[in-house]
Amino acid sequence: MTEQTHFVDIRHAQKSFGSLEVLKDISLTVERGQIVGIIGSSGSGKSTLLRAINDLDPLTGGEVWLDGVQVNKTLPHRQYEKHINAMRQQVGMVFQHFNLFPHMTARQNVTMAPMMLKGLSQEAADKLAEEQLDKVGMLERIDYYPSQLSGGQKQRVAIARALAMEPKLMLFDEATSALDPELVEEVNMVMKKLAEEHMTMIIVTHEMDFAASVCDRVLFMDKGVVVEEGPPEVLFRNPSKDRTREFLRKHLEGAK
Amino acid sequence: MGLDFSIIPDYLDIILLGVAWTVGITLAAAALSFAGGVVFAVIALYAPWVIRQPFRLIEFVFMGTPLLLQLFLIYFGLVQIGIDLPAFVAGIIGLGLHFAVYNSELIQTSILAVDRGQMEAARTLGLSRGQALRKVVIPQAVRAVVPPIGNNMIALLKDSALVSVIGVSELTLSAQRAIGKTYRPFEFYILAAAFYYVINLCMEWVQRKIERRISISR
Ligand SMILES: Nc1ncnc2c1ncn2[C@@H]1O[C@H](COP(=O)(O)OP(=O)(O)O)[C@@H](O)[C@H]1O
Ligand SMILES: [Mg+2]
């Protein structure tokens, strides 16, 4: 077994859907407390990479390590399920389309997994829901159903739901892409707050300003490879690769 | 001989007992058909092949043969292999399983229609597939399926009259008993029909209540 020093360590990740190779030998490390942004045009493999980290889209090659444990290790089916469920409890994920449970209130969305998986009592879980929903500014809507909330509010509840499992790592897959522009800021605020608390995060985003303001490091992906990576002030201001420059230029034009 | 509804009160106790049996059998069979429908649906969609195949046979038997025959089989046939069920139990099982198969079809479709992101969100939190199905997917599928299942339950109510043939004194058989004593088929069949109609209305009312309650949470 290789010694393993990085908090998140993705080694030679390769992923194909049939004959389509979506991730081509990607290696990436993230240290505890770091915030890494991933940018790139649609279809470049950003979601697939993120989803490989908690094995939602299992890799076809390569390894994912989290805090010294290999996530996608080879085990008999039963054991693997047990292992992966335990790993996933440590990794929070936030989706573009929220994926809140529509038949549960905000409170129930937050309490369900901790009660089920950590055996929290109803009282303890309620307290946890109040804390987490307060943190994302949704305490007042604690007993609302998702259908009664705006997009920004839904996403904040979804973040609270993920945080309630006390993850070591948070993955955001275009958390604000489905939101009306005026609702983006309230979600960004929550993510900034997490950044201040030194939550380790990997953030796929189309918002360059936001990425520049919270990320320690930004990766530009294109066609299944990491073309370039660096601190945001370098990657955005002074990219070294033509493809990065072209992407940023197009993106800037698109934003206007 | 003209119509004479004035004799009805003398036999009302028989008829009301029949109503009680019909309601009881319908409710019990409805509950069984619902629970069975969920179980069959999960088996059809997720169970390994060796479990799925026998269930497909059950499904075929219950969908492809007359309910009447199924009731005979359960009540008279099972005795031969040592299973001697009271008539009303045989009736509930027959009706319940018959409609469970129909409900299962509806529930399967509606499980598959639940957004994939729901299962993913649940798995991401660390739930196993079974836990995610139980807590997240199936509750949503079941909510979506209340209206069509309601229709099945009204069909179940009507088909509950068939258990009269194995001797359960439900509403139809009670009406026949009263007719046997009075030779007044028209009056008592109309009365029975009126009771079926009332039970029907009650079931629709309950269904609307349920639909209203779950519509907030969608
Ligand atoms: N489940 C899947 N089956 C087949 N192809 C997929 C699947 N998921 C993603 N892809 C393909 O993989 C490529 C990368 O997708 P994705 O990772 O979602 O890109 P991004 O998030 O950067 O937009 C796309 O071409 C997409 O069509
Ligand atoms: Mg994507």
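The values are calculated or read from the model by the stated rules, or taken from the named source; none is laboratory data. Quick caveat: nothing in here was measured; it's all calculated off a predicted structure. We place every Cβ from the backbone using ideal geometry, glycine too, and count neighbours over all the protein chains shown. In case anyone asks, the SASA skips ligands and DNA or RNA and just uses the protein heavy atoms, side chains included. Shrake-Rupley method; radii C 1.70, N 1.55, O 1.52, S 1.80 Å.
Some values worked out for this structure:
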{"quantity": "Enumeration of residues in the stretch B:125-152 that are at the interface with chain A (Cβ under 7 Å from one of its Cβ atoms) and either touching a Cys at 6+ places or on another chain (Cβ under 7 Å) or in a helix (DSSP H, G or I) (or both)", "calculated": "B:125, B:131, B:135, B:136, B:139, B:140, B:143"}
{"quantity": "Whichever residue in the stretch B:166-204 is polar (S, T, N, Q) and under 16 Å from residue B:88 (Cβ atoms) and, among such residues, is least open to solvent (accessible area, probe 1.4 Å)", "calculated": "B:174"}
{"quantity": "Residue list for the stretch A:28-55, filter: more than 16 Å from ligand 2 (Cβ to nearest atom), without any contact (Cβ under 8 Å) to a residue 24 or more places away in the chain and either within 14 Å of chain B (Cβ to nearest Cβ) or of a type in the set (Gly, Ala, Ser) (or both)", "calculated": "none"}
{"quantity": "Enumeration of residues in the stretch A:25-82 that are at positive phi and among the polar types (S, T, N, Q)", "calculated": "none"}
{"quantity": "Checking residue A:124 against (1) open to solvent by 10 Å² or more (accessible area, probe 1.4 Å); (2) among the hydrophobic types (A, V, I, L, M, F, W, C); (3) within 16 Å of ligand 2 (Cβ to nearest atom), the condition it does not meet", "calculated": "(3)"}
{"quantity": "Test result for residue A:166, at pLDDT 95 or above, more than 16 Å from ligand 2 (Cβ to nearest atom), open to solvent by 40 Å² or more (accessible area, probe 1.4 Å) and in a loop (DSSP other than H, G, I, E, B)", "calculated": "yes"}
{"quantity": "Members of the stretch A:149-163 that are of a type in the set (A, V, I, L, M, F, W, C) and assigned to a loop (DSSP other than H, G, I, E, B)", "calculated": "A:149"}
{"quantity": "Filter result for the condition that a residue is open to solvent by less than 50 Å² (accessible area, probe 1.4 Å), within 14 Å of another protein chain (Cβ to nearest Cβ) and of a type in the set (A, V, I, L, M, F, W, C), over B:113, B:122, B:100", "calculated": "B:122"}
{"quantity": "Candidate set from the stretch B:182-218 (those that are more than 14 Å from every other protein chain (Cβ to nearest Cβ) and in a loop (DSSP other than H, G, I, E, B)); member that is farthest from residue B:115 (Cα to Cα)", "calculated": "B:183"}
{"quantity": "Test result for residue B:20, under 23 Å from the mean Cα position of the chain (by Cα), under 18 Å from residue B:195 (Cβ atoms) and in a helix (DSSP H, G or I)", "calculated": "yes"}
{"quantity": "Some residue of the stretch A:86-94 being under 20 Å from the mean Cα position of the chain (by Cα), open to solvent by less than 30 Å² (accessible area, probe 1.4 Å) and farther than 21 Å from residue A:188 by Cα", "calculated": "yes"}
{"quantity": "Odd one out for residue A:158 among (1) assigned by the TED database to the domain that holds residue A:14; (2) in contact with a Phe, Trp or Tyr (Cβ under 6 Å, 6 or more places away or on another chain)", "calculated": "(1)"}
{"quantity": "Checking residue A:47 against (1) within 18 Å of the chain's Cα centre (by Cα); (2) more than 30 Å from residue A:208 (Cα to Cα), the condition it does not meet", "calculated": "(2)"}
{"quantity": "Selection status of residue A:182, free of Cβ contacts under 8 Å to residues at least 12 places away in the same chain and away from ligand 2 (no atom under 16 Å from the Cβ)", "calculated": "yes"}
{"quantity": "Failed item in (1) within 16 Å of residue A:225 (Cα to Cα); (2) open to solvent by less than 10 Å² (accessible area, probe 1.4 Å); (3) more than 8 Å from ligand 1 (Cβ to nearest atom), with residue A:49 passing the rest", "calculated": "(3)"}
{"quantity": "Failed item, numbered, when residue A:203 is tested on (1) more than 16 Å from ligand 2 (Cβ to nearest atom); (2) under 19 Å from residue A:34 (Cβ atoms); (3) assigned by the TED database to the domain that holds residue A:52; (4) not small (Gly, Ala, Ser)", "calculated": "(1)"}
{"quantity": "Selection within the stretch A:57-82 - within 11 Å of chain B (Cβ to nearest Cβ) and open to solvent by less than 30 Å² (accessible area, probe 1.4 Å)", "calculated": "A:57"}
{"quantity": "Residue within the stretch A:135-153 that is closer than 17 Å to residue A:8 by Cα, of a type outside the set (Gly, Ala, Ser), open to solvent by less than 50 Å² (accessible area, probe 1.4 Å) and touching a Pro at 6+ places or on another chain (Cβ under 9 Å) present", "calculated": "no"}
{"quantity": "Tally, over the stretch A:18-40, of residues that are open to solvent by 50 Å² or more (accessible area, probe 1.4 Å) and within 17 Å of residue A:224 (Cα to Cα)", "calculated": "7"}
